[in-house]
Each structure stands twice: as structure tokens, then as C-alpha cells.
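Below is one structure, written out as C-alpha cells; comments come after it.
The values are calculated or read from the model by the stated rules, or taken from the named source; none is laboratory data. On a predicted model such as this, the values are computed, not experimentally measured, just so you know. So basically every Cβ, Gly included, is an ideal-geometry build from the backbone, and we count neighbours across all protein chains shown.
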Amino acid sequence: MSDACAVFARVNVDAEEAPVTETSDNQTTKSRNRQLTSRRGFLGGAAVGAAAALITQGGPAAAADENPVRVAVLEFRDQWTSATGLTQLFTKAGCTVVPFDPAKPATEQGVDLIAFGSFTNNEPTYGAYITAQAASIQAFVAAGGVLLDMAQSDQFNPTVGYLPAPLMASRNDSDYDTIFPVATDHPLVAHLRVVDGKVFTGRSTQIRVSWESLLDWRQMRVLLSCQAAGRPPAMLEAAHGAGRFVITSLTIDKCYNAAGAAVQPAGAIADSEMFFTALTAYVQSVRAGTAPAVPPTLQAFAGPLVGDTGTEHARILIRPGSDLHDRTTWVCTYSSEGEDPQSVEADLSPSNDSTVLFDLAGLTAGTAYTYSISPADGPIPGLDVGGSFSTSTPHDEPTKLVMGMGSCVWTEANHIWDRIIAEGCNGFVMLGDTPYIDSTNLDVARTKQRAFLEQPQLTALTSTMPTWATWDDHDFGGNDVHGDLVGKRNNRTALVDYRANAIFGHDADGEQLTVRTEAGEGIYSSFRRGPIEVFLIDPRWFSRISPSWADPAKQTAIGEVQWAWLQEKLLASTAPFKVLATGMIWDDKQNAESDDWGTYAHERDAILDFVAEHRISGVFLVGGDIHVSRALNYGPRVGYDLWQFIVSPMHSSVIPSLNVPHPSLVHSAVEPHVFLRLEADTTVEPATLKATWINRDGVRIFEVATDTDQLSPQDAWVAFEGATELVAGEEGVVTTSFTNNSTEVLTDISMALTVPEGWTAVASTDAAFESLAAGEKGTTSWTVTPAAGAPQQAYPFTVTGAFTSADGAGEVSFDTTVALLPEGTLPQSRLSIAGVSSDEKPADAAEKAIDGSAESFWHTRWSTNPASYPHWIAIGLGGEHTVDGMTYLPRQAGTNGRIKDYQVFLSQDGVAWGDPVATGSFTIGAAATRVNFAATPARFIKLVGINAQNGLQFGGAAEVSVHGRRVAAPSLAVDAVAESRVLGGKAYIAVKVTNRESAPVSVELTSAFGTKSFASVAPGRSATHTFSVRAASVAAGTVAARVTGTANGAPVTVVLSAPYTAAP
């Protein structure tokens, strides 16, 4: 460092005294009895004076008056800022400023410094000159000159074309207002005022501080950057011969308008003055040959990423910066404590975006390793790439394992990665939208994957623990996209380039792929880490491209090959805990999108049926995607309690509307920056699993604990069937079931229902079963009477089933809560859709009007052939009621579909409606409107919309509620359901009537397609029949079931209505 530069010290906001500075001969001098300019003086215009005072304390090279720096300036008053400033700023710095002469070569300008102001490449002179005079520019710098290039606009000269090889710098279209010091000891940086870690703060918001910034470089030093991570660069320096190139995207010269008035605040102008004064001294040191050396800043590495790691192997991936792509072979040296280092070589793969994948074999189980990576032809000064990892313990060895999982994260600084490490995770699973790609362009996808793995906080994680990954919609290509997405292969290629899973889907022959090739299908994979085996299922790649293996009439989600793979892996797994993980959730999101397992319920249910049929223990589900975290327990769906853990997002954006009601919901949180911590412990009996949702600040959001006993197939289970709602002042029916989940006959089954004190529960059908075969289920209906005056709230109920198996007596129980609704209210669960004029299936189907959620809604058809008014929706009441009102709740977000004028009709059979019982206009806006009318016996209600609040043709409702009381009349405990189906191109209506009475009943079914009679249906049995429509489709309708039996010794006939939806 020259004497001239030695005196520049960092000026902090509160600096009072000059700090210690180092001279070029490394001798330390302390400036005594001197004071730096305070911030007040600095901002008051003393910047130049302070700098000049410091300069004059240097040696002969700093004597500005003896040999002032000559500067040739080319600047441009652009249309965006209407400002310039180089001439004034260099003049204030003590330079002799002359106009740049575009007719002369750079070597004939007669100056020490050539300065191209910001945006000069938007004026033709700049482009023409650097093209014609590239050689003279290089010669000028080689002879000891300095070139400052502040040009912007990536659309003109995006690559700085005059730089001699191997130097390179390029620009892109990104703008920034934050500038961070990188080379803090450099004479152009060391003196800059620093505020909250940034320089050039407090500037005009009308002029971006770094406009159309720098992107890439080779063999240059990064002095300033636009982000705290040290890239993208805002200023680059390169040595060439005796001189220097300084390339920057800063607009700190834009200080004055055409009249000479300041366009920046005083503090910003002071910052600019100080920089150009420092630049003047820097040019003097270059001229004197005392400028500091220029060690190139290496391009950022992507990774290292430790990928799939088992008991004896590991995969490690890196992507060297482009400045090291001439190093074609790399070596990974690794060792464990007390062992000699070993090494493995791998070639840089141009077909995989110049990444390098190391496969380490012959490792020792349960062992910690460290590793370092370097070019095979020798180390590079300043290059330090490495990390650590641990192999998995032997599968049968008791151990404790902590694993992290998360989804939905942006490419940005985020201390959630620090938190995951701090929580002791020794493996991590990325569940998709990690990162966001939202493009099918291969270059874009690779660039975003690369930038993601370049983030320092993420690199600290991926370099020190095994990481596995799948995708969701945004890294697959875009929001709510499926396997029919054009260009999806590019996103698969980019993911395969930048991940190190064990396999990447399969090849054209259906064989699992362990190599990274663009010719693969899907990215599904699995791995075993101690007591946990994770199955990363891919429901994106194969979706919508072929018929489903589970139901050929529907579309597939995972495809036949992946399904065969999953079955084989599940049957072979001996892991105590088995995770079925996908990016999307295992339910219906209940919004307009279809990328969830609710859309592919036929395949989801087939997977779960397979788990139940083969008595596979330890299975639970994991999903992400919805920007809400949830824990759901579906009861003994697979022979034991089935959990789903949803974890999202790791970034800051949450979607509260997707935190929808669900009967299986146990916990939920609309929480940003959250991940899932799984802790498995097989050192205890039974082995335990604890799932904890944690935010990036370490706050525990909620937790689920279970164990291998709870996740093992049970001989039997009991459950509550259907909705559990009762109405104050009414007898209600609660139905329970007992299922034989064993492989043998169970005998002596007895059921009991425990209700709150003061309530009564009497079995109205059999509560005891002599025997149930394997897989058979028995149901019991209970007449429940709430205690008089019981407040409207949730009450605990417990069903218990006792049985005898070959191993002896057993007992199972299940707890739930039953909601007690106000008197005069019909539970939404009692309602059903009996018909609708039109609906927008599946997102805004008619059923959304009675689902109990204000967030979802019924909407009339709009996507194709929009329907016009009048619109109507008919609702079955689940039996005869004395109806005296209804409440209409319009959709809460958006105005389309809000009904204005209405009519209300009632009916006993859903066919004859008569005159309206009420007409009027609903309240304008989103508020609910209650409509009262005279109490009338009815089994059906129909709302007719006449017009819309906003005048458009759309209708709909968020919720339609009905008010009234059940008619206390003789009835039979029977129910009827109907379902429309299309098989082989033909439509059918399947009907099932179940007798829950203690005596036989007769059944007569009547439909538009014929009738069917059953003389006697035994207690607990069902009558089923399928009506052929004799057409390829069927409109929505109902089947009437006339059931005759006895009640209290007297004959009773009831007529049930079983609605079915249109198909297809």
C-alpha cells in the first residue's frame, strides 16, 4: 500500500480519532493529536477537505498540488436520472479534468485516468469507441493508466468487451439499493462511511444505487457487492500490466442536474466526494507503482452438498465457479478421526451444468467424516471447499436420530438454516419449492438452482449434513402445474444437476436411475437413515399423462412404474418409522387449485389400502406446499393411527385461507419460517417418534409424539362414523363402528359409548356381535339425549369395544368431541346437495355451500359456457323438519357470485316445490343475511337467485344454513346413499340402503331408470342395486328409497332420498 493510500481509514458514523493504519512496509504509524472529521462536518461539505488533509500527510506520491492526476471524462446525462457529476467530483478531488476525445486512442489522451460515467453506453460514442479502440484501452492500462467504467444497461454491451483475456465482466438487468463492502482493506473501500454494514446509504430513491448491476467476472477482485453474501459485485478491480481496470455498476456520479443543482442529499454527495478523492489517491499509487496487488476473487461455488449417505457410502456434489471450469478433474479427500485420509476423483460434467459428483464408498457405519475438495492438478490459493458428515448407524443398532424437513423457501439470506443446524439435525429433506423456479427454461432453472446452493447459510447446512430433495409445483415449473406441462424435462435436468439423491426416477426401461441424465422419468427416490426410511414420492412428473393404475377411468398421479417401486420398497422396509413424503399435501387444499392428493384420491387411497392390507407398520405422511403447518390424525386408516405432518413455509409468506377445517385436524399454525424436526429414538421400548414444528427463532409451535406401538397394526379398532353433531333439545343419533383388523375371526364383541354426565345414550341397533370375520365391520347406532340446559360447546365422547381373539380378551377405544348446536339449528353435516343449476367443479362445487367453511364457496359454472340467472341450489335436510328460516353467507373474498334478489322454496320430495315461502334481497356485501318465514314441514329447501349484487351472471354461496326442528315422528334407522359412476363409457347409478334397525325391513328403490324391490333386509345388512343409465353420462338426480318396518310394534314407512351428482 502506498503512502498516499495508507492514510485512508474507515470513517464510521461516530469516529473521533484516526485509527492505526499500515504503511507499505508494514510499519505501523499512529496519528496522534489529529482528529478525523466528525460525521456532522463530513456531511457539511468537509469530505474533500478531510481527504485532502489525509493525502497531504502521505509521501511524495500523494502531493496532489505537485503533480495532479489528469482525468479524461466521458459522461452522459441519461433520460432516467437527468444527472451527471464526474467533472465536478474529480475537480473537487484536486484532479485536472479534460474532456475525453473519442477521436484519439486511449494511449493518446494524455491522462492518468479515463472515466466513463454511468449510462454512457446508452450513447453511441461509448459503444463505438470501446469496439474500435479495445487494443489501445488495453495498452493504456498496461502502461500504468487506470480505467474507471461506470457504464450500465445490459442491453448495450452486456459484456465488457475490451478486457484482455482472461479478464471478464458482465452485466445483467438487476437493480439494487444496498451496497456492502467486501474488500474492506482496499484503498477504494477502507475509508467509506459504513451504516449498518452498508455503504452509500441515504441516497435519492429516484436513482438506484446500483443500476443494471454486474453479474459475472473472471480473474478480477470484488471490492463492493450488492448483497451481504459478497455477490453480485458492485465494483470489480483487475490488474493489467502496470495499470488497473475498475468496473462498477454504481451511480454515485449522478449528483447534479443540468443547472448544477444537487439531486442527491448532502450526505450522499459527501459519500461520492470521498470516494472520488480516494480514487484520485489510488490513481497516484498506481502511477507510483505502489498500489496493492489484486488477488482475484473466485467465483462462487454451488455447494458442497452432501447428498445420499448410508451406512457405507456418501455422495457429495459441487459446482465450481465458471472461472475454474478449465480444471476438469477434482479430488475429494476424506477421513475419519484416527484414520488415514482417502481420496476419490470425479470429473466436471458439462452435461450437468459443470457440476461434479463424488461417490464415496467403503465408509464405516455410524462414523463422522471430514472432507476437502480441490482441483486434481493442485490446490488454488484462497480456495477452501469442504465440510463434514456422518454415515448412518447400522439399521439394527439402537440409536437416536434427528432429521429436519421443510418446504417453500426463497433464495435469500435466511437464518432458518442456522436454526436447523442448531437444533441438532444430522440430515435434511427438502420437500419442494426449494427453490422457486417458475420457468421451464433450462438456463433459468439451472441459474436458480445454482444461486440457491450458493447461499452461504444454506451451504453451511448442505456441506455438513446429508440432504435429500424432491420437488413441488414451483420447482417443477410453475404454480399448480402437472405432468402435462410442456418443458418439464428442463426442470428435471436442472434438479438432477444440483441434487445428489440415491436415485432419480427410472429410465425408459423402467429401471431405477442412479446416474444423472436428462433421459430419465421422474425423480422419485428413497433412503434409510437409522430408524427412519423416507420414500420421496413424485406425484408431479407422471400426473395427467396416462390412466390411473388404481382407476382407469381417472388420471394417474404417480404412474405404474413408480407404484410398483413403492410397493416393493414398502414391503422390504424394516425401518421402525416409514415416511411417505411428497411436496403436495395428502388432502384436498379446498381452493381453486388441483395439485393435491385430493385430486388423486383414488391413488392415495390405494396406497393406504396397500399399507393396511399388508399390515405395514410405522407409516406416516408428510407434505408441504400450502404455506400453513398442520398435524392431522385420520384414526386407524391403515390399521393404526395415521398421521399427516404438513410443514410450510420456510420463507415469510403464509396463506391463512388454506388453514381450512378438517375433522382430522389436531394442530395447525399460520406461521412463517418454520421447519419440522423429527426425533426418533430406538434406544427405548417402544421406539419413540417426536415431531416438532419450530420457527427460525427456535420457538416451538406445536408437537406430536407417538411410538412404534401406536404405529403398529391393531387387531381391532373402533371409530365414530359420519358427523358428530347434536342439537340442543333434540334426540340425536351417533353411529360407532368396530372393525376386525386381524387375520382371524374375533368373537364376543361388545360396544359401549361413554357420554358426558347427565346425558343418555341408548343403543338403537345391535351393540354386541357374536363374531366378525377378518376385515369385517359392525356398526351401532346410539340415540343420544343431551342434558337439559347443556351449553352449546364441544363435549367428549368415548367409544369402547371389547373382544376375544386367539390371544385372549382385548379392548380398544377412541375419543372424539361432539358439538352441541343451538336449538333450532340444522347441523351442516345433516345437509346434502339434492340438486344445483350449475357449479364449477371441483374447486367451487355445490357441496362447498354446506361444508361448514366460510373460506370455500359454491360458484356457478364460469370457465366454459358460463351459466346465467336464475341460479338455484337444492338441499336435502336429512329427514323431515319444521323449517322456519335460512341464512345466506356470500363468498367472503371477491364479489362474483354474490346473490342479490332471491326466492326460497320448500318441498317434501325434492320434486314438487310449490310457491316460494320467502322472497327478498340479501344484504349487499359480505355479511350474512337470515331469512325468516312461517314454520313449514319439509325435507328439502331450495334457494333461487334472481340476479347478482354486481350485475354479472354469476351466482353462488359460501354457506347456506337452515333453521328449524326435526319432526318427532315414527322413523326407521335406515339410510340410503347413491353414487353416479362411468365405467367403460357407460353411466350407472349405484344405490345402497342399510338397515340399522333390530328387525328386518323391506325396501323399494325408484329411479328414473327403473325400480328394484327387496322383500327383507336383515338387521345390520344392506340392500344394493346398480341402475344402468344406458348412456355415456347422467345428470344429477335422486333415487327414492321406500322402506317399511316396525317401530314400537306399529308398521312404519319412510321415504328416503338418495341424491347423486352428474357424471362425468
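Some notes on this structure:
- Which listed residue, of Asp438, Asp443, is among the acidic types (Asp, Glu) and either at positive phi or buried (at least 24 other Cβ atoms within 10 Å of the Cβ) (or both): Asp438
- Selection within region 543-561: residues that are surrounded by 24 or more Cβ atoms within 10 Å (Cβ to Cβ) and in contact with a helix residue (DSSP H, G or I) (Cβ under 9 Å, 6 or more places away or on another chain). The member of this set that is farthest from Thr582 (Cα to Cα) is Thr556.
- Scan region 223-245 for residues that are surrounded by fewer than 22 Cβ atoms within 10 Å (Cβ to Cβ) and modelled with pLDDT of 95 or more and the total you get is 4.
- Candidates Asp641, Asp595, Asp625: the one that is in a loop (DSSP other than H, G, I, E, B) and in contact with a Phe, Trp or Tyr (Cβ under 8 Å, 6 or more places away or on another chain) is Asp641.
- For region 812-839, a residue qualifies if it is acidic (Asp, Glu) and part of a strand (DSSP E or B), and exactly one does: Asp815.
- Within region 573-619, the residues that satisfy the criterion of being closer than 20 Å to Asp715 by Cα and out of contact with any strand residue (DSSP E or B) (no Cβ under 6 Å at 6 or more places or on another chain) are Pro576, Leu608, Asp609, Phe610, Ala612, Glu613, His614, Arg615, Ile616, Ser617.
- Failed condition for Leu608, given (1) in contact (Cβ under 8 Å) with a residue 40 or more places away in the chain; (2) closer than 23 Å to Ala680 by Cα; (3) touching a Lys or Arg at 6+ places or on another chain (Cβ under 9 Å): (1)
- Single match in Pro870, Pro916, Pro890 (criterion: without any contact (Cβ under 8 Å) to a residue 60 or more places away in the chain and over 26 Å from Thr724 (Cβ atoms)): Pro916
- Tally of residues being in a helix (DSSP H, G or I) and buried (at least 17 other Cβ atoms within 10 Å of the Cβ) across region 97-126: 6
- Only strands (runs of 3 or more DSSP E) whose full extent lies in region 962-1030 are considered here, and the ones with at least 3 residues that are touching a strand residue (DSSP E or B) at 6+ places or on another chain (Cβ under 9 Å), modelled with pLDDT of 90 or more and aliphatic (A, V, I, L, M) are 974-983, 986-995, 1001-1007.
- Checked against the criterion of being under 29 Å from Ser805 (Cα atoms), touching a residue at least 12 places away in the same chain (Cβ under 8 Å) and outside the structural domain of Gly424 (by TED's automatic domain parsing), the candidates Gly639, Gly722, Gly729 yield just one match: Gly722.
- Looking across Ile941, Ile924, one residue alone is in the same structural domain as Ala843 (by TED's automatic domain parsing) and closer than 26 Å to Thr1006 by Cα. It is Ile941.
- Pairs where the first residue, in region 325-345, is among the acidic types (Asp, Glu) and the second is outside any loop (DSSP other than H, G, I, E, B), C-beta under 6 Å, 6+ apart: Glu345/Thr329; Glu345/Val331
- No other residue among Ser213, Ser249 is in the same structural domain as Ser118 (by TED's automatic domain parsing) and within 32 Å of the chain's Cα centre (by Cα) apart from Ser213.
- Within region 884-939, the set of residues being assigned to a loop (DSSP other than H, G, I, E, B), of a type in the set (Gly, Ala, Ser) and surrounded by 18 or more Cβ atoms within 10 Å (Cβ to Cβ) comprises Gly910 only.
- Positions within region 214-234 being under 19 Å from Tyr162 (Cα atoms) and among the charged types (D, E, K, R), in sequence order: Asp216, Arg218, Arg221
- Taken together, the residues in region 771-793 that are surrounded by 12 or more Cβ atoms within 10 Å (Cβ to Cβ) and either part of a strand (DSSP E or B) or without any contact (Cβ under 8 Å) to a residue 24 or more places away in the chain (or both) amount to 11.
- With respect to the conditions (1) over 30 Å from Asn932 (Cα atoms); (2) surrounded by 17 or more Cβ atoms within 10 Å (Cβ to Cβ), Phe954 lacks only one, and its number is (1).
- One residue alone among Thr329, Thr309, Thr333 is over 19 Å from Trp468 (Cα atoms) and out of contact with any Leu (no Cβ under 8 Å at 6 or more places or on another chain), and that residue is Thr333.
- Under the condition of being in a loop (DSSP other than H, G, I, E, B), surrounded by fewer than 19 Cβ atoms within 10 Å (Cβ to Cβ) and not hydrophobic (A, V, I, L, M, F, W, C), the residues counted in region 503-521 number 7.
- None of Asp839, Asp884 is farther than 16 Å from Gly964 by Cβ and not assigned by TED's automatic domain parsing to the domain that holds Thr724 except Asp839.
- Listed by position, the strands (runs of 3 or more DSSP E) inside region 310-420 whose residues that are under 32 Å from the mean Cα position of the chain (by Cα), at pLDDT 95 or above and not assigned by TED's automatic domain parsing to the domain that holds Pro435 number at least 3 are 314-319, 356-360, 368-375, 385-390.
Yes or no, residue by residue, for (1) touching a Ser or Thr at 6+ places or on another chain (Cβ under 6 Å); (2) assigned to a loop (DSSP other than H, G, I, E, B); (3) assigned by TED's automatic domain parsing to the domain that holds Ile523:
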residue	(1), (2), (3)
Ala557	yes, yes, yes
Gln567	no, no, yes
Met584	no, yes, yes
Lys589	no, yes, yes
Phe645	no, no, yes
Pro661	yes, yes, yes
